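Shown next, in structure tokens, is the structure this report addresses.
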Amino acid sequence: MNASLRSGLLRLAPQIAALAVILALCAAIAPGFFDISFANGRLYGSLIDILNRGAPTALLAIGMTLVIATKGIDLSVGAVMAICGATAAALITSGYGLPATLALTLATGIVCGLWNGALVAFLGIQPIIATLILMVAGRGIAQLITEGVILTFNDQGLIFVGSGILFGVPMPVVLWILIALAVGLAVRFSALGMLIEAVGVNRRAAYLSGVGTAGLLLAVYALSGFCAAIAGTIAAADIRGADANNAGLWLELDAILAVVIGGNSLLGGRFSIVGSLVGAMIIQSINTGILLSGYPPEFNLVIKAVIIVAILVLQSPTSRAFLAFAWRKRSSASQEAAGQQPAPGRQAS
Amino acid sequence: MAAERALLEARGLSKYFHGVTALDGVDFDLHAGEIHGLLGENGAGKSTLIKVLTGAYRRDDGRVSLDGAPIDPRDVMDAQSLGIGTVYQEVNLLPNLTVAENLFLGREPKRFGLVDSRAINKRSREILEGYGLSIDVSALLSTYSVAVRQIVAIARAVDISGKVLILDEPTASLDAAEVDRLFAILSDLKARGLGIIFITHFFDQVYRICDRVTVLRNGRLVGSRPLESLKRIELVSMMLGRELESAESGDHGRASEVRGEVVAAFKKVGKKGRIAPFDIEVRRGEVLGIAGLLGSGRTESAELMFGIHEPDTGAIEIDGAKTSLGSPRDAIRKGFGFCPEDRKQDGIIDDLSVRENIALALQARRGWAKPLSRREQDALADRYIEALDIRTSDREKPIKFLSGGNQQKVILARWLATDPRFLILDEPTRGIDVGAHAEIIRLIEELCAEGMALAVISSELEELVAYATRVRILADRQHVAELEGEDVSANGIMRAIAAAEGDNTGEARS
């Protein structure tokens, strides 16, 4: 276990290093970046803010990691966030209790995921197309639920679940860390992780070996929908209302990016949820850092793109090979230099 | 004709891929006005030979001459301009262009720098009328049947090249009438003096249209013979690589007096379009061999027996109780295992480790909620790595880095770990090195002696004879005979295959 933990950390070294560099840059721009204080019964500080603001992306990235591990992709998660936020707002404002609202909201997310999973598993539709359907239709469904307005609510329970403070920690942070732990432990302490990887690497061979490929695909897309439902609830609670047009907008792309930055292959197979979460935190650190830097906001997306390109280039196998080559060349050059130095000495003697 | 100089002459052609010999010193002659059949099982080197001749691959050794002049086509375009045109099984045309555009693609007559579509339509109509085809050439190719596309492809190849026409399994998706039409066109082209190379695995078509056949096996030339004097059984023996005259070894000797109880019985099980209904009983301690030429329905039979496809007729009994197999998962739960023919596509999970590949089927059967602990997986992997002598530096190595023979052993280990009662092996020794080959055969014999029921599909006749108790003969997607006891011999199997292929021709002709 210790050895596997160490090898896991080693594998994630580039991601962790990238996160450290970005945090250091942030600290250079904004003095007091690492300060964390406790006031009014909660933690304050830029780091807490990153953990908090990064919650939706982190949650989506958990589900997305497993979907991508099966050689799939889920483009619908942003729209599912909107649907689920709208569902939660509609239910709570029409008098349902908090438990019923939460249960139905989560169920809605799971149903959305099952729809995607069924298209992929039973109809054999390519995941990118299958989930594009709900990505496009989802915002329409959310608008139907909110009847075209931003559906505001003032239920303290729902607001607490999505944006309250528990033991000094913001609820979004508690939620994504708990779910990451639950999913991470579930896939590694059951056989799910290995079976998901097998499906992702070679679905047909896995099927012929008796793996229940259809069930697994349904399960990972359902989990992705479930994570999107929680992210949607957080997004709604944050503004105390359901915005069908903007809730979770483009977040599916951030989630995919988090998974990729986390070192997971879009071709499926081996996956690391921790990697994806580090990826999500890298993305949020960049967002927060840019805000703190005080650059005009129109620079934000471009700067973000530049940083992400830099990270991906550093991670790519080609550049790794190049770096390794350059390293060898330099060390052999220095050896040569070291070898040449004694030569004149010998001549002299 | 023999005195006449060959149109296309190849001597000592060799081609290697990463140290694997795909073609080994093959000679090939094609005369003008000849239809020349090229035969061989999968992996015999037919397509490599064609690709070398057409410039898709550069040859590593040997020489080729066309009309007596040495040629060395750099690529397919080069070969085309020299006079060698090819039509592949999946027609290499563009369905979203018109028939005429397809005929003149890349060589359109221009007028003021623009494609002169009136001219190409007119020329196209003339060309196709030469093939007895009067269709609207300005319609999209996709609106026509495969047979028409095939003719368009041939017309294009002949129009561009005009000396040698290579047809790679052109009849695979045609019905009888379309085949007749195609053959009429081929006879016509032959009369015009073209040399035609015709690749197929349908015996009756070879005998109908070809003047000569060349047979390849394992990348080597087996022989090139005029068809008039070649008996069917001789052709079968050329393809399967065994001399008819050689002494009968008689070492099949698996005494069948003590028959184990029936593990599974398949009664009139069949699926339309894949395999005609068949009966099979498999017994403990028995190896059922399954023999037949390529495309005879061997793999299709195995797929029904393992639940990969559900039969639409017949019944399955396991231990005397009626049951059904809806999926491989179902079959595995009933104690079945299946080593597929295409190891890369259907067998290995290439990025996962040897350990995970071995544990996969057992883990899948236990279900995701009952994981094998890491220690159990390690023990399982170590046990089989030792028992089957799997050559790997350690059990965590991704399986894609192992050699073919060792990958095959890992797949076998995957099934043995599930302790199956009935194991189906589809070409278990294809494409693996000699050492692993012998070990796998020994393993089959051991498993059988331990009381497992096995069904083994193989085109290696000696191999089947060595371990099979009974041999089922397949031809043309039907189970045609079963050999048992003394009859299980390489000669017996070949005779049965030749007889069956002959029968089919008889029917087709009548």
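Throughout, read-outs are computed from the coordinates displayed, never taken from laboratory work. It should be emphasised that the depicted structure is a prediction, and the values quoted were computed from it without experimental measurement. Note that we place each Cβ from the backbone using ideal geometry, even for glycine, and neighbour counts take in every protein chain shown.
Under 13 Å from the Cβ of B:Ser373, count the other residues' Cβ atoms, weight Lys and Arg +1, Asp and Glu -1, and hand me the total.
In short, +4.
Which value at 222 nm does chain B reach when only helices count, each DSSP H run of 4 or more adding -39,500 (n - 2.57), with the total divided by all residues and rounded to the nearest 500 deg cm²/dmol?
-10500 deg cm²/dmol
Going 7 Å from the Cα of B:Asp279 in the Cα-to-Cβ direction, what parts of the stretch B:476-494 have a backbone nitrogen less than 15 Å from that spot?
Inside the label zone: B:479-483.
Just the number, please: percent antiparallel of the DSSP beta bridges in the protein assembly as shown, rounded to the nearest 5.
The answer is about 60 percent antiparallel.
About the Cα centre of the protein assembly as shown, how large is the charge dipole given +1 on each Lys and Arg Cβ and -1 on each Asp and Glu Cβ? Please answer in debye to the nearest 20.
Value, rounded to 20: 2220 debye.
Sum -39500 (n - 2.57) across every DSSP H segment of at least 4 residues in chain A, then divide by the residue count to get the 222 nm mean residue ellipticity, nearest 500.
Working: 17 runs with 260 residues, N = 349.
The per-residue figure over chain A is -24500 deg cm²/dmol.
Counting only trypsin sites (Lys or Arg not before Pro) that are in a DSSP loop and have at most 13 other C-beta atoms within 10 Å, tell me the longest site-free stretch of chain B.
Here the longest segment lacking exposed loop sites spans B:392-510.
For A:Ser7 and A:Ile165, compute 0.36 nm times the residue count separating them, minus their Cα-Cα distance, and round to one decimal in nm.
Computed gain between A:Ser7 and A:Ile165 is 53.4 nm.
If you line up the long axis of helix B:404-416 against the longest principal axis of chain B, both from Cα atoms, how many degrees apart are they, to the nearest 10?
40 degrees
Quick check: pseudo-label points 7 Å beyond the Cα along Cα→Cβ at B:Arg366 and B:Val76, how many nm apart are they?
About 5.0 nm, to one decimal.
Taking the number of other C-beta atoms within 10 Å as the exposure measure, put A:Met64, A:Met135, B:Met452 in order starting with the fewest.
A:Met135, B:Met452, A:Met64
Once label points are set 7 Å from the Cα along Cα→Cβ at both B:Ala379 and B:Ala315, what is their separation, rounded to one decimal in nm?
4.3 nm
How do A:Tyr44, B:Tyr131 line up, fewest other C-beta atoms within 10 Å first?
Fewest to most other Cβ atoms nearby, the residues stand as A:Tyr44, B:Tyr131.
Counting only C-alpha contacts under 8 Å and six or more residues apart, can you give the relative contact order of the stretch A:1-132 as a whole percent?
For the stretch A:1-132, the relative contact order is 17 percent.
Taking the simple approach of a point 7 Å from Cα along Cα-to-Cβ for both B:Glu445 and B:Ala184, what is their distance in nm?
5.7 nm
Give me the angle, in degrees from 0 to 90, between the Cα long axis of helix B:354-366 and the longest principal axis of the Cα atoms of chain B, rounded to the nearest 10.
Here the helix axis deviates by roughly 70 degrees.
Which whole-number percent is the relative contact order of chain A (Cα, under 8 Å, 6+ apart)?
On the way: 540 pairs, mean separation 107.0, N = 349.
Relative contact order of chain A: 31 percent.
As a quick test, which of the pairs B:Lys46/B:Lys344; A:Lys304/B:Lys397; B:Lys122/B:Lys163; B:Lys267/B:Lys334; B:Lys267/B:Lys409 have an alpha carbon distance above 27 angstrom in this structure?
On the way: B:Lys46/B:Lys344 21 Å; A:Lys304/B:Lys397 38 Å; B:Lys122/B:Lys163 24 Å; B:Lys267/B:Lys334 17 Å; B:Lys267/B:Lys409 32 Å.
Listed pairs above 27 Å: A:Lys304/B:Lys397; B:Lys267/B:Lys409.
First measure r as the distance between the Cβ atoms of A:Ile29 and A:Ile239, then evaluate 1/(1 + (r/R0)^6) with R0 = 35 Å and state the FRET efficiency to the nearest 0.05.
Plugging the Cβ-Cβ distance into 1/(1 + (r/R0)^6) gives 0.80.
Would you pull out the residues with amide H under 5 Å of B:Ser161's amide H, same chain only if 5 or more places away, H placed 1.01 Å from N?
So B:Ser161 has HN proximity to no qualifying residue.
Once both axes come from the Cα atoms, what is the angle between helix B:374-387 and the longest principal axis of chain B, in degrees from 0 to 90, rounded to 10?
Result, in degrees: 70.
Stretch B:Glu396-B:Asp487 to full length: gain in nm at 0.36 nm per residue minus the Cα-Cα span?
28.1 nm
Would you list B:Ser237, B:Ser373 from fewest to most Cβ contacts within 10 Å?
B:Ser373, B:Ser237
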